[in-house]
Structures are given as C-alpha cells and as structure tokens.
Amino acid sequence: MCCRYLLLREHLNKMLEQLGVRGVSELASRYNIAPGTKIPAVRTARPKADVRELVSLRWGLVPAWSKNDEPGAGLVNARAESLEGKPSFREAFDSRRCLIPASGFYEWKALGRSRQPWLFQLRDAQPFFLAGLWESWLAPDGGRLETCAVITTEPNQLMQPIHHRMPAILPTRVVERWLDPAAKSAGLREFLAIFPASEMQARPVSSRVNSVVNDDEGCIAAADTQTGASDDQLAWDL
DNA sequence: CCAGACGTTGTT
DNA sequence: GTCTGG
DNA sequence: CCAGACGTTGTT
DNA sequence: GTCTGG
C-alpha cells in the first residue's frame, strides 16, 4: 500500500470484538479502499484512556497547524523512519496513534510500461491492523476535519521483488500497547519493525483493482495469465 | 533575525 | 507533464 | 495507488 | 507549532 487495501465486514467486526469496541459496524465489505476517502479506524477515546472507539477518518493527514485549505488530500503515508523528526508527524506519533483494520493490501509491480497489482495478506487470510496516525484540523469556518495516515516501513522479503516500501503491520501482541497513551516512543519504534515475510502470502490479482470505481470481489480475483505476472510467480520462492 | 516550509510515492 | 478525485 | 482531467466564453 | 535556509 501504501495506498490501496481491502477490509471485509466479518473481519472488521471480529477485530472490534477482540478489542472490546462496542457495537457492530454496519460497514459493507470493501475491496478497493483508496486515499482521500473516509476509512474506519480505532483510537483511544478521550478523556477515557481505557476506552477504544471506532471512528471514520479521512485518509490523508492534515497537521493541526496547516493554514487555510489543506494541501491536496493531505499526507497519505508517514515513513516510520521520520516519525520523531518531522514536524508533520511528531505530535501525532506522541499522542494520536490509531489502528487501521485491514484484510489485505495491494501493491503494484512495475512491468515495463504497465503495472501488475498484487494482493498481500497474512497467512490464512487473517485480518490485521496497520499502524496509523490521526489529526484533528480546525477549518477556518469552524468545522473539524479528522484525518489519518498509514505508516510505512522498508519492505520484507516477500515485498522486496514487488515494491520498495510497505505499510507497517502491527503484530497482534503490540496492538493494545500501540494505543496506550503512556507508551514511550522508544518502545513504539520496535512495534514498527519490518513484519516477517514468513507470516504473509501474496499473489497477483486482476487489474480490475486499478480503478477505484471497482469495489467488489473481482478485485481479488487471480490475475489473467496474459498479463505477464506468471514469470514473477516462478521466481516466487523465499 | 524573518520567511517559508512542513510529506510520500515513484520516476527519470 | 501534472494535478485532482476516488 | 491509478484514472482521468487539464478551460472559458456565451448561449440554449 | 516548529524547523530550516538565507
């Protein structure tokens, strides 16, 4: 991803239940979630630090100090390597971390002039949480705009042949601590370690996912063998 | 000191 | 080529 | 991330 | 708001 993912309804509800977030989401399964749109996220409620809440945030972070209109759609990604140094991320990393539930994400591999989308999932297609940051921006007209960004890391061995960055996947054991307001940045950085390739799987999918107007199961259908993805599959061995 | 940027991605 | 919208 | 637009005037 | 460049 850095910029496109999927989230199945049953996965979201299962994860919310495990986190103790009240209520069942009415969200329908999504197969093509894109930047600039509202996405589901879980964050620590305020002022009750022990309560998690499900919120809808626009994907594209706008720092609180931004002037007038937000530039473009905001910052879609935040490099794990820069979280503490960059003014745009520092405060959010300190105190506004969130979880972005996902069933899988897409990355495009350049193939000459064209690009082949690949679907990345955990083994057994289990859902997971991506590490995110959120912000609340006060618009000139007094309105509030709540936004978020997905943190990225260097690629693991599975991603390496496809792309040079990947979203930060939080291991299950650190999910609660990622939301803990008392967590220290030194510890938090460890949570963003490159996720083990051995716990993931990937396969080329239909170019139907290229266009955001397509948001259905066709997006995760196997790629046409015509597209040239087969050569990559042969080289697929960790 | 003030002014102006503040970010990532990919591609060339 | 570059920006915007989804 | 990819796809698709990218512009103004005046007239209907 | 805070950092960087001049």
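Using Cα-Cα distances under 8 Å and only pairs 6 or more residues apart, what relative contact order does chain A have, in percent?
Details: 497 pairs, mean separation 49.4, N = 238.
Taking the mean separation of contacting Cα pairs over the length of chain A, I get 21 percent.
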Let me spell out the model: positive unit charges on the Cβ of Lys and Arg, negative unit charges on the Cβ of Asp and Glu, origin at the Cα centre of region A:5-237. What dipole size does that give, in debye rounded to 20? 440
Using the Karplus curve 6.51 cos²θ - 1.76 cosθ + 1.60 with θ = phi - 60°, what ³J(HN,Hα) values do you get for each residue of region A:106-117, in whole Hz, with x for Gly and Pro? 10, 9, 9, 9, 5, 10, x, 7, 9, 9, 10, x
Along the dipole axis of chain A (charges at Cβ: +1 for Lys and Arg, -1 for Asp and Glu; origin at the Cα centre), the most positive-end residue among A:Gln18, A:Ser136, A:Asn156 is A:Ser136
Measure nothing fancy, just the Cα-based angle from helix A:9-19's long axis to the longest principal axis of chain A, in degrees from 0 to 90, nearest 10. 40
For region A:5-237, report the convex hull volume of the alpha-carbon atoms normalised per residue, in Å³, without decimals. 137
Can you give me the long-range amide H partners of A:Arg52? Hydrogens built in the peptide plane at 1.01 Å from N, cutoff under 5 Å, separation of 5 or more residues or another chain. A:Ala45
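Tell me the mean residue ellipticity at 222 nm calculated for chain A from its helices only (DSSP H runs of n ≥ 4, each -39500 (n - 2.57), averaged over every residue, nearest 500). Intermediate values should be presented prior to the final figure.
Details: 5 runs with 34 residues, N = 238.
Calculated at 222 nm, the ellipticity per residue is -3500 deg cm²/dmol.
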Lys pairs in chain A, Cα-Cα under 22 Å, at least 8 apart or on separate chains: how many? 5
Which of A:Ala110, A:Ser29, A:Ala45, positive extreme of dipole for region A:5-237 (C-beta unit charges): A:Ala45
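Readers should treat all values here as calculations from the given coordinates under stated rules, not as data from a laboratory. Values in this document were obtained by computation on a predicted structure and should not be read as measured data. Cβ sites come from the backbone with ideal geometry, for glycine too, and all protein chains shown count toward neighbours.
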